[in-house]
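The values are calculated or read from the model by the stated rules, or taken from the named source; none is laboratory data. If you're wondering where the values come from, they're calculated on a predicted model, not measured in any experiment. Virtual Cβ from ideal backbone geometry, glycine too; neighbours counted across all protein chains shown.
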Amino acid sequence: MVTPSQEKLTLAKIYKSVSPLTRFITLGLTVALAYSGGLDTSVCIKWLQEKYRADVVTVTLDLGQKDNLREIGKRAYLLGARNHYAVDARHEFVTGYVYPAIKANGLYEGKYPLSTALGRPLIAEKLVEVARKEGADAVAHGCTGKGNDQVRIDVTVRSLDPSLKVIAPVREWNMTRDEEMTYAQNQGIPIKPSKSIYSVDQNLWGRSIESGPLEHPDQEPLPDAFEWVTLPEEAPDTPGYLDLEFLEGVPTKVNGQELNPVELIQFVNQLGGSHGVGIIDHMEDRLVGIKSREVYECPAALTIIEAHKDLEKLVLTRNELEFKSSVEREWAWLVYSGLWMEPLRAALDSFIETTQKRVTGKVRLKLYKGNVRVVGRSSKNALYKLELSTYNKGSTFDQRNAVGFIELWGLQARVAAKVAAKVAGMSEGRTAGYQRETPEEIQ
C-alpha cells in the first residue's frame, strides 16, 4: 500500500522533470524555508503559500544566536508550515567553519571576522538536507537583493544540489517595510512590536548591527546598539587577563581549563565583552558593489584571532608568515563573497592546515577598556631561542659572522647604486650638496 508521504515523494520527483515555470503555475510544490521567526520569513511562509500554492517546511538553525527555538517552531506551525525542523548546529558551526577561520586568521578587509558569512553555507547545507528528506522542489530564504547573504546561500545550495530551485521572496516581492507590514496584517500574521530600531544578525562568532542611525557613517553608534560589549569607558578599571592554549591552531583551553568548542567561545565572548573588547565599526565593500557602514560585536573572534596570529609569529618562519598573509586575504574574500564551495577555498585550507601542525602553545592576553594585547607567549615549537637572541652572557650568536652576511646581503644594492651614479653622470666619490668648512671659516 502506498502511503500519502510516499505518494507525495513520487509526485515531487515527477514534477522535477517538468519545466519549472509550468510546474509553479499549475502545481503545488514543497519548499524548505530558512526560518528565523521574524517578520520577513514569517511573511515568506504566507507568500509562498499564496503565490506558489506551496507546502512550506521551515528550518531553523541554532548557531548560538540565543533565540527561543521552541517559540519559533510554534510560530511556524501557526502560520501553516507543514513541518518544522530545529537544528542545533552550534558544535558543527564551530568545528567546521569557525576553526578554519581561526587558522586562516579570517578577517575581511582586515576588520570583519566573517561571523555571518561563515554561518550562511551551513544554513544552506541544512536546507538542502531537509529538502531532500521532504522531497522538496525548492528552498527559500529571506535575504534581500541588496546584501551578500543571498549570494552565499544561493551559490551553496546550487552547488550542493543543482536540481533545487532557490526562491528569495523578499528579493522578488520588492516590498517596502510598510508594505510588508500591511501584507502581514492582511494575511493575519501576528506582528510583534519591534524591540529595536536596528537589524541584527548574530551567532557564536559575532553580532552584526545595521539600519537606523547606523546608516549615517558620520555618526557615532549609540550605546543602545550594543548588547555583547560593555562600552570601554564603562568597562572595569582593573585589567583582565586571559590564557589561551592552542593545539595545532585550535583553541582548547582557557586559563588552564579545557572547554568544549562552544563553551570556550561563549566564555571568551563574555570575558572580552565585559572589558569593552570586540566593537568593530568600519566601511565595508559589499559583494554587490555597495559601500556599507557595518558595526559588529565580536569579542571572542577578535581576541582569539589576535592570540592565534601572535602564536604563529612565534613558531612559523618569516617566509611562511609572508606567504600565509596573502593566502589569508584570498581565503577571507572567498568566504565573504559566498564561495565556500569554491575548490580554491579547499586548496587554501590544505596549505593552511599544513602550517598549523606547529601552532601549539599558550598565549596570555591583557584585556583593558576596549583593548586586547598579547603580553606573553610560549610554545614547545618556538623558533625564538634565548641563547641566540640575548645580549647577555651565554649568547651563542657569533657577531663576527655579521660582517660577511652584510657584505653579501647588500651586494646588489651597492652595485645598483654604483650603476645609478654612473648613469646620472656623477663621478665616483663626489658628494653633491656638501661643502667642507674649516674651523676658521666657521668662526
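For region 174-210, taking the residues that are under 26 Å from Val295 (Cβ atoms), of a type in the set (A, V, I, L, M) and not in a loop (DSSP other than H, G, I, E, B), the one that is modelled with the highest pLDDT is identified as Ile209.
Out of curiosity, is Glu353 in the same structural domain as Arg286 (by TED's automatic domain parsing) and closer than 19 Å to Thr252 by Cα? Judged against the criteria, Glu353 is a match. Condition (residue is over 30 Å from Leu214 (Cβ atoms) and either in contact with a strand residue (DSSP E or B) (Cβ under 9 Å, 6 or more places away or on another chain) or acidic (Asp, Glu) (or both)) applied to region 318-338: is it met by at least one residue? For region 318-338, residues over 30 Å from Leu214 (Cβ atoms) and either in contact with a strand residue (DSSP E or B) (Cβ under 9 Å, 6 or more places away or on another chain) or acidic (Asp, Glu) (or both): present. Among the residues of region 369-381, none is identified as under 18 Å from Val254 (Cβ atoms) and in contact with a Pro (Cβ under 8 Å, 6 or more places away or on another chain). Note on region 27-92: enclosed strands (runs of 3 or more DSSP E) holding 2 or more residues that are of a type in the set (Val, Ile, Thr) and under 20 Å from Val128 (Cα atoms) are 30-34, 55-62. Does region 293-304 include one or more residues that are in a strand (DSSP E or B), free of Cβ contacts under 8 Å to residues at least 24 places away in the same chain and either in contact with a helix residue (DSSP H, G or I) (Cβ under 6 Å, 6 or more places away or on another chain) or not acidic (Asp, Glu) (or both)? Scanning region 293-304, I find no residue that is in a strand (DSSP E or B), free of Cβ contacts under 8 Å to residues at least 24 places away in the same chain and either in contact with a helix residue (DSSP H, G or I) (Cβ under 6 Å, 6 or more places away or on another chain) or not acidic (Asp, Glu) (or both), so the answer is no. Contact annotation: residue pairs with Cβ atoms under 6 Å, 6 or more positions apart or on different chains, pairing a residue in region 42-62 that is over 22 Å from Pro121 (Cβ atoms) with a partner that is charged (D, E, K, R) and surrounded by fewer than 24 Cβ atoms within 10 Å (Cβ to Cβ), are Val43/Glu180; Asp55/Arg82. Being free of Cβ contacts under 8 Å to residues at least 24 places away in the same chain, hydroxyl-bearing (Ser, Thr, Tyr) and in the same structural domain as Gly28 (by TED's automatic domain parsing): is that true of Thr182 here? In short, yes. A count restricted to region 96-155 and to residues that are polar (S, T, N, Q) and over 24 Å from Ala54 (Cα atoms) stands at 4.
Comparison of Ala76, Ala104 shows that the only residue that is aliphatic (A, V, I, L, M), touching a residue at least 40 places away in the same chain (Cβ under 8 Å), within 30 Å of Glu312 (Cα to Cα) and surrounded by 23 or more Cβ atoms within 10 Å (Cβ to Cβ) is Ala104. Evaluating Val130 against the criteria (1) touching a residue at least 60 places away in the same chain (Cβ under 8 Å); (2) of a type in the set (A, V, I, L, M); (3) touching a strand residue (DSSP E or B) at 6+ places or on another chain (Cβ under 8 Å); (4) under 26 Å from Arg286 (Cα atoms) leaves one unmet condition, (4). Residues in region 217-236 that are more than 25 Å from Asp62 (Cα to Cα) and in contact (Cβ under 8 Å) with a residue 12 or more places away in the chain: Pro217, Pro221, Leu231, Pro232, Glu233, Glu234, Ala235, Pro236. Look at (1) touching an Asp or Glu at 6+ places or on another chain (Cβ under 9 Å); (2) crowded, with 23+ Cβ neighbours inside 10 Å; (3) within 23 Å of Ser326 (Cα to Cα); (4) not hydroxyl-bearing (Ser, Thr, Tyr) and you find that Val157 fails only one, number (3). Considering region 225-246, and only residues there that are acidic (Asp, Glu) and surrounded by 12 or more Cβ atoms within 10 Å (Cβ to Cβ), the residue that is nearest to the chain's Cα centre (by Cα) turns out to be Glu227. Scanning region 125-156 for residues that are closer than 21 Å to Val43 by Cβ, within 25 Å of the chain's Cα centre (by Cα) and assigned to a helix (DSSP H, G or I) gives Leu127, Val130, Asp149, Gln150, Ile153, Asp154. One residue alone among Asn392, Asn381 is surrounded by 10 or more Cβ atoms within 10 Å (Cβ to Cβ), of a type outside the set (D, E, K, R) and over 30 Å from Thr116 (Cα atoms), and that residue is Asn381.
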